[in-house]
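As structure tokens, the structure follows; a few thoughts come after it.
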Amino acid sequence: MLKIENLSKHFGKKLALSDINLELNSGIYGLLGDNGAGKSTLMRILVGVDKPSSGQIYYQEEDISQLKEKYRSLLGYMPQEFSVFPGFTAYEFLTYMGALKGLSKATLKEKIPQVLSFVNLEDVKDKKVSNFSGGMKRRVGIAQAILNDPKILILDEPTAGLDPGERIRFSNILSNMSKDKIILFSTHIISDIEAITKNIIILNDGKIRAKTTSDILIDKMGGKIFEKYIPFQALKIYDKKVHIIRMRYEEKGLKIRYTGELLENSVSVEATLEDYYILHKNQNI
């Protein structure tokens, strides 16, 4: 178990994180929030890159500041701005990263083929990473993060820049790893969370707004989401009547998805996590 107690972080006068309290057990957690919400700051503190201004983090009831190297050996981390050395092949890069993690040559000889196979890069292990696509480089990032078989895996915006096929591949990789690990990944793309996990943490303005499941959040929106076609020129009128979540231009007119007063000729539709997030992202539940 990873436990965060009363964690805050200041950068000068700016309060980036405010009194964060969380408990994480084995499984996948999606950290959802707008850009600038504090997601990267929280993750950097969890992996020891930054220090909190106040508060503590415990792993299995022990303060991580006392565990030091023992705690770092449990971590796998892929930062948001992950880069690889272009002159290295995939195998050479993982050898280098493994050495930094303190893994022996014998361990690396065994582990590198395993992680390359796991992220489906074994066929290109001897190719320069400079020739890899963005999605392939992100998979190299995942490979280096899991090289030491971490118990805690922290991934900051891991799906950034991935095409739809890569996103599906990534979700399968994470799901396959989650049985005995704490996996925390951040994103502002709601569909990425829905594809991978039901465990949701919403962080906005440096505060935890919710730690729950997508099912619970969606249930709260049950019977409150509607769709209706309106004339193209009538958008301003309807925008004053209801809260429009999303709109789409179609041949029949402008199709709006909304909540609020039930308008004539509307149909009730199933709610989504996106509906909840757009309407409540800055509210505690």
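Coordinate-derived values only; no laboratory data. Keep in mind that this is a model prediction, so the values were computed, not measured. Counting neighbours? That spans all protein chains shown, and the Cβs are built from the backbone with ideal geometry, glycine included.
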Amide H of H10 versus every other amide H placed in the peptide plane: which residues, excluding those fewer than 5 positions away on the same chain, fall under 5 Å?
A16, S53
Show the residues, 5+ positions off or on another chain, whose built amide H is closer than 5 Å to the amide H of G27.
K181, I182, I183
Describe numerically, in nm with one decimal, the distance between label points set 7 Å from Cα along Cα→Cβ at N25 and at I285.
1.9 nm
Length-normalised contact order for the chain - Cα pairs under 8 Å, 6+ apart - percent
21 percent
Cut-off 10 angstrom, C-alpha nodes, Gaussian network model of the chain. Which of D275, D63, D205 fluctuates the most?
D63
Gain upon complete extension [D219, A160; 0.36 nm per residue less C-alpha separation]:
18.4 nm
With a sphere of radius 11 Å drawn around the Cβ of N148, what net charge do the other residues whose Cβ falls strictly inside it have (Lys, Arg +1; Asp, Glu -1)?
+3
Hey, if you put +1 on the Cβ of every Lys and Arg and -1 on every Asp and Glu Cβ in the stretch 133-285, which of L162, A234, A210 ends up farthest toward the positive end of that dipole?
A210
If a/c stays under 1.5 just call it rounded; otherwise compare a/b with b/c (prolate if a/b is bigger, oblate if not). Do that for the stretch 184-253, with a ≥ b ≥ c from the square roots of the Cα gyration tensor eigenvalues.
prolate
The farthest towards the positive end of the charge dipole of the stretch 2-213, of the residues N6, A37, N148, given +1 on Cβ of Lys and Arg and -1 on Cβ of Asp and Glu, is N148
So what are the ³J(HN,Hα) numbers for the stretch 264-276, from phi and the Karplus equation (6.51, -1.76, 1.60; θ = phi - 60°), rounded to whole Hz, Gly and Pro as x?
4, 6, 8, 10, 6, 10, 5, 6, 10, 4, 4, 4, 4
Modelled label-to-label distance, E251 and H10, 7 Å Cα→beta-carbon offset: nm?
6.2 nm
Can you put I216, I28 in order, fewest other beta carbons within 10 Å first?
I216, I28
Once phi is turned into θ = phi - 60°, what whole-Hz ³J(HN,Hα) does the Karplus curve with 6.51, -1.76 and 1.60 give for every residue of the stretch 65-74, x standing for Gly and Pro?
5, 8, 6, 6, 4, 4, 5, 4, 5, 8
Give me the net charge for the shell around D219: Cβ to Cβ below 13 angstrom, other residues only, Lys and Arg +1, Asp and Glu -1.
0
Given unit charges at Cβ for Lys, Arg (+) and Asp, Glu (-), the dipole magnitude of the chain about its Cα centre in debye, nearest 20, is 480 debye
According to a simple spin-label model (label point 7 Å from Cα along Cα-to-Cβ), what is the distance in nm between V267 and I237?
2.3 nm
Going by how many other beta carbons lie within 10 Å of each one, how would you line up F85, F132, fewest first?
F85, F132
If a/c stays under 1.5 just call it rounded; otherwise compare a/b with b/c (prolate if a/b is bigger, oblate if not). Do that for the stretch 229-285, with a ≥ b ≥ c from the square roots of the Cα gyration tensor eigenvalues.
prolate
When the chain is modelled as a GNM with alpha-carbon springs shorter than 10 Å, which of S104, S18, S54 fluctuates the most?
S104
As a footprinting exposure proxy, order R138, R257 by other Cβ within 10 Å, with the fewest listed first.
R257, R138
Tell me, what HN-Hα J-couplings in whole Hz come from the Karplus equation 6.51 cos²θ - 1.76 cosθ + 1.60 at θ = phi - 60° for each residue of the stretch 15-22, using x for Gly and Pro?
8, 7, 9, 10, 6, 7, 10, 8
Tell me which residues come under 5 Å, amide H to amide H, from R209 once H is placed; ignore anything under 5 positions away on its chain.
I202, L203, N204
Quick check on the stretch 13-92: take the gyration tensor over C-alpha atoms, sort the square-rooted eigenvalues as a ≥ b ≥ c, and tell me if it's rounded (a/c under 1.5), prolate or oblate.
oblate
Dipole magnitude of the stretch 223-269 about its Cα centre, charges +1 at Lys/Arg Cβ and -1 at Asp/Glu Cβ only, in debye to the nearest 20?
140 debye
Neighbourhood charge, 15 Å Cβ-Cβ cut-off, centred on K127 and excluding it, Lys, Arg +1 and Asp, Glu -1
0
Trypsin sites (Lys or Arg not before Pro) lying in DSSP loop within the stretch 66-100, provided at most 16 other Cβ fall within 10 Å:
K68
Checking the table K181/K224; K68/K111; K70/K198; K51/K181 against a 28 Å threshold on Cα-Cα, which pairs fail?
K181/K224; K70/K198
Max mean-square fluctuation residue, GNM over the chain, Cα-Cα springs under 10 Å, options N25, N148, N131
N131
Per principal axis, largest first, the Cα atoms of the chain extend in Å by 70, 44, 35
Treating only Lys and Arg (+1) and Asp and Glu (-1) as charged, each at its beta carbon, one finds that the stretch 15-163 has a dipole about its Cα centre, in Debye to the nearest 20, of 560 debye
